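Participant: Provided herewith is a single structure, encoded as structure tokens, for subsequent inquiry.
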Amino acid sequence: MTEATSGPRLGLREITRASVREQIADRSLQMFDERGFDATTVDDIAAAIGISARSFFRYFPAKEDVVIGDPTALGQAVRDAAAARPVDEPLWATLRRAFDPVQLTTVGDEVRGLRIMRVMMSTPTLRARNLEKHILWARQLEPLVESRVGGPVDTRRFRAQTLIHAALACLDVAFAEWTARDGEVDIADLLDEAFGTLRH
């Protein structure tokens, strides 16, 4: 099978749209980081890029979406990573590995990852949106974790929720520390340390 026929390819329109979306996101995050999220308006961003505010909203329903992204898609990636782990693996280890997609997304563009974290940690409304994202992820993980948690049937849901939210707390603490150290320490090591602290 030749490269040209090996699978679907993005058309020029889709490539252009993705490129423009990336440019808007990069400039927005830079301005949020420098000026503050609340102090930066959509009109400010649009003027800096050379587009209209209406054009901004074609790519992002709200400026919060530049920072938070698509929580459903990443949550599904987290759930799929957990589902791919061996059934007989300790559940706490499975939850640690479930966050590999989050880790890889961040280290794939460290500058952007640090900007997102700085902006989110300094903005109450974004911290609230991040909590909503975690609640969504917990719901996506719950059936899988409940099926593996063991113990009395009538307590499995509660135990699953406890483990999931403890794991999400480890994720938050690790990323906060990574941000405080300006990315100079491996986020994977911080995640391992956070999960290891609760394990012991």
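The numbers here are math on the coordinates, done by the rules we state, and not lab data. Fair warning: this is a prediction, and the values are worked out from it, not measured in the lab. Every residue, glycine as well, gets a Cβ built from its backbone with ideal geometry; the counts of neighbours run over all protein chains shown.
Participant: Would you mind checking the tilt of helix 12-35 against the longest principal axis of the Cα atoms of the chain, expressed as 0 to 90 degrees and rounded to 10?
Facilitator: 80 degrees
Participant: Over all distinct alpha-carbon pairs, what is the Kirkwood Rh of the stretch 103-200 in angstrom?
Facilitator: The Cα-based Kirkwood calculation yields 14.7 Å.
Participant: Something else about it: From the square roots a ≥ b ≥ c of the eigenvalues of the alpha-carbon gyration tensor of the stretch 81-121, which class results: rounded (a/c under 1.5), prolate (a/b over b/c), or oblate?
Facilitator: prolate
Participant: If you line up the long axis of helix 124-149 against the longest principal axis of the chain, both from Cα atoms, how many degrees apart are they, to the nearest 10?
Facilitator: The angle comes out near 40 degrees.
Participant: A follow-up question, please. Given charges of +1 on the Cβ of Lys and Arg and -1 on the Cβ of Asp and Glu, with all other atoms neutral, how large is the dipole of the stretch 69-199 about its Cα centre, in debye to the nearest 20?
Facilitator: Dipole of the stretch 69-199, to the nearest 20 debye: 480 debye.
Participant: Based on the Kirkwood radius over alpha-carbon pairs, what value in µm²/s does the Stokes-Einstein equation return for the translational diffusion coefficient of the stretch 3-65 at 10 °C and 1.306 mPa s?
Facilitator: Reported coefficient: 123 µm²/s.
Participant: If you don't mind, there's one more thing I want to ask. Once every DSSP H run of n ≥ 4 in the chain is given -39500 (n - 2.57) and the sum is divided by its residues, what mean residue ellipticity at 222 nm do you get, rounded to the nearest 500 deg cm²/dmol?
Facilitator: -24000 deg cm²/dmol
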